[in-house]
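Undergrad: Quick one: this structure, given as structure tokens, is what I'll be asking you about.
The values are calculated or read from the model by the stated rules, or taken from the named source; none is laboratory data. What you are looking at is a predicted structure, and each value in this text was computed from that prediction instead of being measured. Here Cβ is always computed from backbone atoms with ideal geometry, including for glycine, and neighbour counts include all displayed protein chains.
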Amino acid sequence: MAVTAQIRYVLDPTKLDDFERYGRLWIELVNRFGGQHHGYFMPSEGANNIGYALFSFPSLAEYEQYRIDAQADPDCIAAYEDSKASGCILSFERTFLRPVLEP
């Protein structure tokens, strides 16, 4: 059964360009590891410090394998370190959802 991760980020609103760069990197990385990235969503109207990401994997087991593999991948490590250095992400929370898709 497919699983979708929804990540809600609390961002430094003065570093949205850094967060957008981070998002563009992770879209490619998640897809490379067998997931399907649905995009990052930047603040627009309303709160200026909340962003989201949505991506799916065919199963929770495949998501968990991606997490293990990403910890050793140089591109993933570099993307994570870049976000830490920029300070664009203040905190985040991850929720897992079961998508309802077309039959």
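Undergrad: Report, by residue number, each residue of segment 90-103 that is exposed (fewer than 12 other Cβ atoms within 10 Å of the Cβ) and either acidic (Asp, Glu) or within 16 Å of the chain's Cα centre (by Cα) (or both).
TA: Listed by number, the residues that qualify are 91, 93, 94, 95, 96, 102.
Undergrad: Another one. Quick check on residue 7: is it in contact with a Phe, Trp or Tyr (Cβ under 9 Å, 6 or more places away or on another chain), touching a residue at least 12 places away in the same chain (Cβ under 8 Å) and under 20 Å from residue 81 (Cα atoms)? Give the steps one after another, and end with the answer.
TA: On the way: in contact with a Phe, Trp or Tyr (Cβ under 9 Å, 6 or more places away or on another chain): yes; touching a residue at least 12 places away in the same chain (Cβ under 8 Å): yes; under 20 Å from residue 81 (Cα atoms): yes.
So residue 7 fits the description; yes.
Undergrad: Which numbered condition trips up residue 47, out of (1) at pLDDT below 95; (2) of a type in the set (A, V, I, L, M); (3) surrounded by 12 or more Cβ atoms within 10 Å (Cβ to Cβ)?
TA: Condition (3) is where residue 47 drops out.
Undergrad: Exactly one of (1) exposed (fewer than 12 other Cβ atoms within 10 Å of the Cβ); (2) in contact (Cβ under 8 Å) with a residue 60 or more places away in the chain is unmet by residue 87. Its number?
TA: Tallying (1) exposed (fewer than 12 other Cβ atoms within 10 Å of the Cβ); (2) in contact (Cβ under 8 Å) with a residue 60 or more places away in the chain, residue 87 fails exactly one: (1).
Undergrad: Just to be sure I understand, how many residues within segment 58-84 are surrounded by 13 or more Cβ atoms within 10 Å (Cβ to Cβ) and under 20 Å from residue 12 (Cβ atoms)?
TA: Qualifying residue count, segment 58-84: 4.
Undergrad: Would a scan of segment 87-98 turn up a residue that is of a type in the set (A, V, I, L, M, F, W, C) and over 17 Å from residue 13 (Cα atoms)? Don't jump to the end; show me each part of the working.
TA: Our first condition is that a residue be of a type in the set (A, V, I, L, M, F, W, C); within segment 87-98, this holds for 88-90, 92, 96-97.
Filter once more, so that each one left must be over 17 Å from residue 13 (Cα atoms): 96-97.
Yes, there is a match, as at least one residue in segment 87-98 is of a type in the set (A, V, I, L, M, F, W, C) and over 17 Å from residue 13 (Cα atoms).
Undergrad: Here is a follow-up. Within the group 34, 23, which residue is buried (at least 17 other Cβ atoms within 10 Å of the Cβ) and not hydrophobic (A, V, I, L, M, F, W, C)?
TA: Values: 34 fails: buried (at least 17 other Cβ atoms within 10 Å of the Cβ).
That would be 23, the only listed residue that is buried (at least 17 other Cβ atoms within 10 Å of the Cβ) and not hydrophobic (A, V, I, L, M, F, W, C).
Undergrad: Going by the conditions given, is residue 60 without any contact (Cβ under 8 Å) to a residue 60 or more places away in the chain, of a type in the set (A, V, I, L, M, F, W, C), on the phi < 0 side of the Ramachandran plot and touching an Asp or Glu at 6+ places or on another chain (Cβ under 8 Å)?
TA: On the way: without any contact (Cβ under 8 Å) to a residue 60 or more places away in the chain: yes; of a type in the set (A, V, I, L, M, F, W, C): yes; on the phi < 0 side of the Ramachandran plot: yes; touching an Asp or Glu at 6+ places or on another chain (Cβ under 8 Å): no.
No; evaluated as a whole, the condition is false for this residue.
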